[in-house]
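Okay, so here's the structure we're looking at.
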Amino acid sequence: MLTKIFVVLLVAFSIFFTSMTIATVAQTTNWKQTAEKYKEHARVADTNLRHAHAANAALIANARDDVRAHLDKISDLEGELQASRNDVAAMQAQIAKSESEKSGAEAINRGLLAQLQIAESGRAEYQKQRDAIEQRNIELERRNIDLNDRVNELTSGMTVLAEQKRQYEQQINILRTENEKLAHQTRTMASGGSMERPEGIALPGARAINPVPTRAIRGKILEVAGDLVTISVGSADGVQKDMVFVIHRHGEYIGDLKVSMVDHNQAAGRIVRSSGTASANDEVTDARLMGSKRG
């Protein structure tokens, strides 16, 4: 637009200048020469004007190309802007969805935390009950061990008592036999006159109640029940409570037995030291004889 205005002003100025020149020259004496000169100037001006028109047209064409390029660029930028707007809208929708999912996840998290707290409370209660049950089990196991010890002790006592009963029955039978013999001898002596009193009369099979041991006490194991052991020697052999016997098998040391119960012909006690497993028919010897020979 400025170029057009410039061209119009240039043409108007040229016409005005030409007219003024012609009027001035017409008043001079050499007007023809002057006219030729101005005619030549007019041709030059026309040529310049044509060149200016051509340059102006080129400038206009370039300006149009630039405008078209700018319009294309604006169109591309508008397309990119619309795409960016679409992306922003999609991102906003994604953000809204993420916010919704976040709210849902936070609600689920709060629910899980509440459930976890309930579970922790239940676990603590369960742990408390478990500890109480374990304590109860320990107490029951201790009582069971005590009861087992008591049962073993009573079993050993029953074994000793059964053997004692058997021995008492044997002694009763022996005494009955002796009584019958004495009665028969008494009747014979009464019918046959006086009889000389026998020296050193005694009951066969009778043993002293608490004999004084003159040698080491030796015996065998009759029964083994856990660590409770019954041996074949008793108070009649000089065994006393808390005595210690050495258990051995073919000369090999098995362990030490401490007597806790003593009967006439049997005794029972617990193994207080061992290097092996005691069994029936293993030999026992008074520890006073073994001395330093124990393992």
Problem - In the stretch 30-47, residue farthest from residue 18 (Cα to Cα) [restricted to those that are surrounded by 14 or more Cβ atoms within 10 Å (Cβ to Cβ) and not aliphatic (A, V, I, L, M)] - result: 31
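Kindly indicate the residue of the stretch 219-259 that is among the small types (Gly, Ala, Ser) and without any contact (Cβ under 8 Å) to a residue 24 or more places away in the chain and also surrounded by the fewest Cβ atoms within 10 Å (Cβ to Cβ) among those meeting that condition. Steps first, please.
At the first step, the residues of the stretch 219-259 found to be among the small types (Gly, Ala, Ser) are 219, 225-226, 232, 234-236, 238, 251, 255.
Filter once more, keeping what is without any contact (Cβ under 8 Å) to a residue 24 or more places away in the chain: 251, 255.
Details: 251: 7, 255: 22.
Only one residue tops the list, namely 251.
Please go through the stretch 20-31 and give me each residue that is of a type outside the set (Gly, Ala, Ser) and either touching a helix residue (DSSP H, G or I) at 6+ places or on another chain (Cβ under 9 Å) or at pLDDT 70 or above (or both), ordered by number. First the steps, then the outcome.
Our first condition is that a residue be of a type outside the set (Gly, Ala, Ser); within the stretch 20-31, this holds for 20-22, 24-25, 27-31.
Selection gives 20, 21, 22, 24, 25, 28, 31.
The values are calculated or read from the model by the stated rules, or taken from the named source; none is laboratory data. Since the model is a prediction, treat every value here as computed from it, not as a measurement. No Cβ is skipped: glycine too gets one built from the backbone with ideal geometry, and neighbour counts run over all protein chains shown.
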